[in-house]
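Below is one structure, written out as structure tokens, with a few remarks after it.
The values are calculated or read from the model by the stated rules, or taken from the named source; none is laboratory data. Please read these numbers as outputs of a predicted model, since none were measured by experiment. Using ideal geometry, Cβ is built from the backbone for each residue, glycine included, and neighbour counts are taken over all protein chains shown. What goes into the accessible areas is simple: the full protein's heavy atoms, side chains included, and nothing from ligands, DNA or RNA. Shrake-Rupley method; radii C 1.70, N 1.55, O 1.52, S 1.80 Å.
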Amino acid sequence: MASKTKDTTIEGWFAGRLPDGWFTGPPSVTSDREEILVVGTISEPEYPEGADTAAIAAARRARIKRFREETREERMRIADEAEHSTGRKVAWGARCGDEEKIFTALAVPVMTRLRMRERQTLDTLVGAGVARSRSDALAWCVRLVRDHEGDWIDQLRDALVAVEAARAAGPKPS
């Protein structure tokens with residue numbers, strides 16, 4: 001989730017709050033203004049001897065599903081605590097080998113004021129079967145920019161960090 005930022009305070013809170021043994025290491029904790037996403041790596045299952053790629057993938061998906069079901073109540077309690085203190089929803093996910101599943105990601109409606117040309121572009125993507133709706137088409141466009149303009153987006157993020165640092169170091173309003 002390259003489009004999200006790290007918040008070390010929240011990351012630390014989850015490191016202290018999550019039960020030992022859930023993940024094989026520290027989880028990835030990213031956040032934006034609306035949501036905190038916690039994704040941890042779970043242990044690999046034991047595979048049958050001679051298991052092929054499909055069998056391994058199926059075993060990993062099953063392990064993730066088991067984790068999701070077995071930890072649901074505790075994840076909900078932890079999410080409630082975090083939401084109460086941060087005002088943000090908490091989404092969860094798990095990774096096992098090459099398989100990753102996000103369980104409860106938030107789909108935030110975005111207020112857009114698209115002009116006709118932009119709407120026509122989205123409609124073209126829908127008509128071509130690239131997306132099911134304008135909303136899906138817009139998400140596709142955002143992913144495309146993220147994937148192909150990663151360095152540029154990273155530069156913008158770094159610049160925003162510098163702006164925040166300058167604001168914090170500047171005079172405080174009275």
message = What is the percent carbon and sulfur in the accessible area of the chain, measuring with a 1.4 Å probe over the protein chains and ignoring ligands?
response = 53
request  = Measure of size requested: the Rg and Dmax of the chain, with Cα atoms as the atom set and Å as the unit; please supply both.
outcome  = 19.9, 70
Whole-number accessible area per residue in Å² for region 3-113, which is evaluated in the context of all protein chains at 1.4 Å = 63
message = Can you compute the helix-only [θ] at 222 nm over the chain? Use -39500 (n - 2.57) per DSSP H run of at least 4 residues, normalise by all residues, nearest 500 deg cm²/dmol.
response = -17500 deg cm²/dmol
ask   = Which of T71, T104, T124 moves most in a GNM of the chain, Cα contacts under 10 Å?
value = T124
inquiry  = Along the charge dipole of region 24-148, pointing to its positive end and built from +1/-1 on Cβ of Lys, Arg, Asp and Glu, which listed residue (V145, W92, G40) has its Cα farthest out?
reply    = V145
ask   = Whole number please: convex hull volume per residue of the Cα set in region 84-174, in Å³?
value = 223
remark   = GNM on the chain, Cα springs under 10 Å; top mean-square fluctuation among L114, L37, L106 goes to L114
message = I'd like the accessible area for V130, computed on protein heavy atoms only with a 1.4 Å probe and all protein chains in place. Round to 10 Å², please.
response = 70
ask   = Which residues does a label at D20 reach in region 54-93, if reach means a backbone N under 13 Å from a point 7 Å past the Cα toward the Cβ?
value = none
inquiry  = Using Cα springs under 10 Å in a Gaussian network model of the chain, which residue among A58, A159, A15 shows the largest mean-square fluctuation?
reply    = A159
task = Give the relative contact order (percent, whole number) for the chain; include only Cα pairs under 8 Å separated by 6+ residues.
result = 16
note = quick note, the chain, DSSP beta bridge pairs, % antiparallel (nearest 5) is 55
query = Sorted by accessible area with a 1.4 angstrom probe, largest first, how do W92, W22 fall?
reply = W22, W92
